[in-house]
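Heads up, the thing below is written out as structure tokens.
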Amino acid sequence: MNYFFLSASFALLLLATSCGRTGSNTSSIDPGEKEMQSVQEIGTSAADSLMKSLGGKLKSALQSGGPVAAIQVCQLVALPSTAETGNQFEGVQIRRTTLKPRNPANTPDETDRAVLLELEQAANNTEAPPESKIIWEEKVARYYRPLMIQEVCLNCHGKPESFSPELKTTLANLYPSDQATGYSLGELRGVIRVDVDRKQAHK
Ligand code: HEC
């Protein structure tokens with residue numbers, strides 16, 4: 001009786017694993033070495049380019065008008081320059097996303113969320129998160145670049161108690177559902193996600 005039960009479950013187990021294997025045929029989406037390298041290169045230059053462009057705009061806005069004026073600049077330029085940077089690369093789309101969005105347009109999807117949670121855990125365990133992470137989907141490879149909280153970010157993403165009353169009012173007016181405050185130095189703020197068309201990467 002026991003023996004029968006055991007062998008029956010063993011057979012079921014075998015069946016389940018073999019079905020699993022044929023069912024989720026991952027081999028068709030696994031990248032080759034060349035494609036892996038190509039996506040890594042495209043993702044790195046697109047993310048670098050966005051960081052340079054947004055970082056430069058943020059710095060000059062902060063210098064000329066302080067956080068309140070800079071918030072208004074961010075609000076006007078962040079989404080368009082992110083899209084524009086993507087357009088400079090063939091077959092590439094870029095977005096920024098986070099577990100605590102300021103702009104609801106940057107809300108993560110399920111895959112983003114899983115990557116963000118993994119990177120956040122790595123950052124919290126005091127080991128620095130990896131420099132990048134790639135998720136291979138059928139048509140698109142998602143390259144993720146972690147964005148960490150540095151000193152300058154605290155101006156607008158730090159503890160609300162440290163904000164001037166004008167800054168609080170500006171944020172509340174522009175972003176009524178803002179979740180992106182209360183961060184400390186070294187925490188994961190979010191990611192840049194670069195979607196690379198895999199047909200493009202094969203070229
Ligand atoms: C001058 C204020 C200001 C500073 C300083 C600032 N941010 Fe932001 N941040 C914003 C605003 C405003 C938005 C929303 C932009 C939009 O509407 O698309 C934003 C959005 C973001 C987003 C997109 C996700 C979301 O929450 O909508 C990320 C990621 C981000 N910031 C990271 C950073 C990092 C990292 C730093 C430091 C290097 C930084 N920010 C410094 C104001 C600022």
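Every residue, every condition in (1) among the acidic types (Asp, Glu); (2) at pLDDT 95 or above; (3) buried (at least 17 other Cβ atoms within 10 Å of the Cβ), yes or no:
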| residue | (1), (2), (3) |
| --- | --- |
| Pro129 | no, no, yes |
| Pro146 | no, yes, yes |
| Cys153 | no, yes, yes |
| His157 | no, yes, yes |
| Pro165 | no, yes, no |
| Pro176 | no, yes, no |
| Ser184 | no, yes, no |
Would you check if Leu119 is touching a Pro at 6+ places or on another chain (Cβ under 7 Å) and of a type in the set (A, V, I, L, M)? yes
Would you confirm whether or not the stretch 56-77 contains a residue that is closer than 21 Å to Ala201 by Cβ, in a helix (DSSP H, G or I), open to solvent by 30 Å² or more (accessible area, probe 1.4 Å) and within 16 Å of the ligand (Cβ to nearest atom)? no
Check on Ile94, part of a strand (DSSP E or B), under 13 Å from the mean Cα position of the chain (by Cα) and more than 24 Å from Gly56 (Cβ to Cβ): no
Among the residues of the stretch 125-167, write down those that are without any contact (Cβ under 8 Å) to a residue 12 or more places away in the chain and of a type in the set (S, T, N, Q). Asn125, Thr126, Ser162
Just for the stretch 105-130: of the residues that are assigned to a loop (DSSP other than H, G, I, E, B) and closer than 29 Å to Gln75 by Cβ, which one is farthest from the chain's Cα centre (by Cα)? Pro129
For the stretch 139-151, check the following and say yes or no: at least one residue is in contact with a helix residue (DSSP H, G or I) (Cβ under 8 Å, 6 or more places away or on another chain) and in a loop (DSSP other than H, G, I, E, B). yes
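The values are calculated or read from the model by the stated rules, or taken from the named source; none is laboratory data. All figures in this text were calculated on a predicted structure; none of them were measured in a lab. So basically every Cβ, Gly included, is an ideal-geometry build from the backbone, and we count neighbours across all protein chains shown. These accessible areas exclude ligands, DNA and RNA; they are computed on the full protein's heavy atoms, side chains included. Shrake-Rupley method; radii C 1.70, N 1.55, O 1.52, S 1.80 Å.
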